[in-house]
Amino acid sequence: MKNSILKALFTERFFKIIFYVIIKSMSKRKIKPRILNSGEKPKKHSFFGDLFLNQRFLAIIGLTFLVLIIFPLARTYSQKRIIEKEISDQQKQITDFENANKEMTDMIAYLNSDQSLEEEARLNLNLKKSGEQVVVINDNSSAASTSSLIAPSKKSNLAKWRDYFFN
């Protein structure tokens with residue numbers, strides 16, 4: 001309790017000293033303190049002067065300029081992103097076409113070669129070189145097994161379902 005009273009007196013005394021020093025320095029420099037209701041008429045400002053000195057008005061103007069700058073920047077940024085995506089898609093498509101073109105060029109080179117011509121003649125025209133013997137292997141067992149798989153069974157539908165679920 002005693003400390004709080006001392007602090008209050010000290011702070012009050014401190015402020016009195018500060019106020020006294022300020023008044024003395026103003027009187028030395030011949031600065032008159034501003035006194036309210038002294039009878040002096042306040043200096044009149046123009047409408048635009050008051051308007052531009054108003055902090056709210058300046059804040060609104062600043063925000064308006066900020067919005068007018070940010071929206072076109074955001075639109076430009078989104079358009080840039082879309083264009084960059086289209087460019088990357090086009091570049092990917094170009095690389096795909098180049099790869100397909102290379103494959104087709106390789107295929108054309110192979111088909112124009114003598115090896116391709118000889119292979120096609122052997123497979124499709126049953127031709128052979130001189131001194132070669134052609135051997136044909138018939139696989140009848142695979143043909144028989146496929147025919148048995150395709151042959152319809154003579155079981156009834158009910159028997160098929162029973163076999164399906166219980167066997």
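Scan segment 90-145 for residues that are surrounded by 10 or more Cβ atoms within 10 Å (Cβ to Cβ), hydroxyl-bearing (S, T, Y) and not in a helix (DSSP H, G or I) and jot them down.
Residue satisfying the conditions is S113 alone.
Are there any pairs, at least 6 apart or on different chains, whose C-beta atoms fall under 8 Å, with the first in segment 103-120 and of a type outside the set (S, T, N, Q) and the second surrounded by 10 or more Cβ atoms within 10 Å (Cβ to Cβ), and if so, which?
Matching pairs, first to second residue: Y110/S116.
Throughout, read-outs are computed from the coordinates displayed, never taken from laboratory work. Just so it is clear, the model here is predicted, and its values are computed rather than measured. Please note: Cβ atoms are built from the backbone with ideal geometry, for glycine as well, and neighbour counts cover all protein chains shown.
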